[in-house]
Amino acid sequence: KDFLTITSHELKTPATLIAGYADLILMQERLSGEESELVKLLREGISWLTNIVDDLLEGLRIDAREMQLNRRKLHLGEVVASALRWLKPLIEKERSLSIVVGDFSEISPLHADDHRLREVFVNLIGNAVKFTPDGGEIRIEAHEAEGYCHVFVRDTGIGIPPSELERIFDRFYRLGDPMLHSSSKTAFMGGGIGLGLTICRGIIQAHGGLIWAESEGEGKGTTLHFTLPIMGRSG
Ligand SMILES: Nc1ncnc2c1ncn2[C@@H]1O[C@H](COP(=O)(O)OP(=O)(O)OP(=O)(O)O)[C@@H](O)[C@H]1O
Ligand SMILES: [Mg+2]
């Protein structure tokens, strides 16, 4: 474990340096359009690499049950907005997908870790974008019931066979090859290593909530649900 943690961590130092130099090049005014496109691709590649390293580190931490939450009062709608800003480069590439965000204004404030929850939304929405062919729709909605807030991310994508609905949360689990469905998307998202949902489950459980997947089957879309307790109302 130590070896992996140290190696993953050490990989980030050169990656951060390369990213910094790429940013410096992008700031030059005399770059041609093509040159800056190429450097941007280089920059995306570095982000991909560091995301994988982050996921590995995160995966190791979940293993060690060391998930630490930095809780504060937050509004879920703001977390969703921040996740969507983060996903902007990916979503902009996918103009043919429509993203519908429900009304979060009625949801009580939560006492939770905003960075971790943003991570959950980034992965769930990122997955929905990755696994939904052109022309599809992604909805992000929430409602409140009995001291819980129930959130779901629903897509009209490739779906998941019923037998696999539990297994997608397993470490390194990936269903088939998403490249077959959407190569440009998965290339941007780093292809994926199958840790995203494992990390999401860790984060939601650490908050005292539940996360599960629902699908009508292959080709019929997928819905990822999670709940979070609303605290501080009844004491
Ligand atoms: N919205 C979805 N539609 C269809 N399949 C999905 C969806 N979300 C997840 N899956 C399936 O579950 C697997 C695991 O998802 P997970 O987010 O853990 O990994 P990943 O997205 O492949 O990689 P990573 O998140 O580590 O970059 C995916 O590879 C895919 O097979
Ligand atoms: Mg993922």
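We did not get these values from a lab; they are worked out from the coordinates using the rules stated. The shown structure was predicted, so the numbers you read here are calculated from the model rather than taken from an experiment. Cβ placement follows ideal geometry from the backbone for every residue including glycine, while neighbour counts extend to all protein chains displayed.
The figures follow:
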read-out: Gained length - residue 75 relative to residue 210, 0.36 nm times residue gap less alpha-carbon distance; value: 46.7 nm
read-out: Distance cut-off 25 Å, percentage of C-alpha pairs in region 6-121 lying past it; value: 44
read-out: Label point 7 Å beyond Cα of residue 51 along Cβ direction - residues of region 98-126 with amide nitrogen under 20 Å; value: 98-100, 115-126
read-out: Debye log10 I(q)/I(0) for region 108-169, one point scatterer per Cα, at q = 0.26 Å⁻¹; value: -1.19
read-out: Backbone N under 15 Å from the residue 96 label point (7 Å along Cα→Cβ), restricted to region 118-159; value: 129-138, 156-158
read-out: Taking N as its residue count, the alpha carbon Rg of region 2-63 over 2.2 N^0.38 Å; value: 1.38
read-out: Point-to-point label distance, residue 5-residue 139, nm (Cα→Cβ direction, 7 Å offset); value: 4.3
read-out: ³J(HN,Hα) computed for each position of region 139-152 - Karplus, 6.51 cos²θ - 1.76 cosθ + 1.60, integer Hz, glycine/proline x; value: 10, 10, 9, 8, 9, 10, 7, 6, x, 10, 10, 10, 10, 9
read-out: Most mobile of 79, 151, 39 in a GNM of the chain (Cα contacts under 10 Å); value: 39
read-out: Order by protection proxy (mean Cβ within 10 Å, highest first), peptides 220-226, 196-202; value: 196-202, 220-226
read-out: Region 72-229 - Rg and Dmax from Cα coordinates, angstrom; value: 14.7, 42
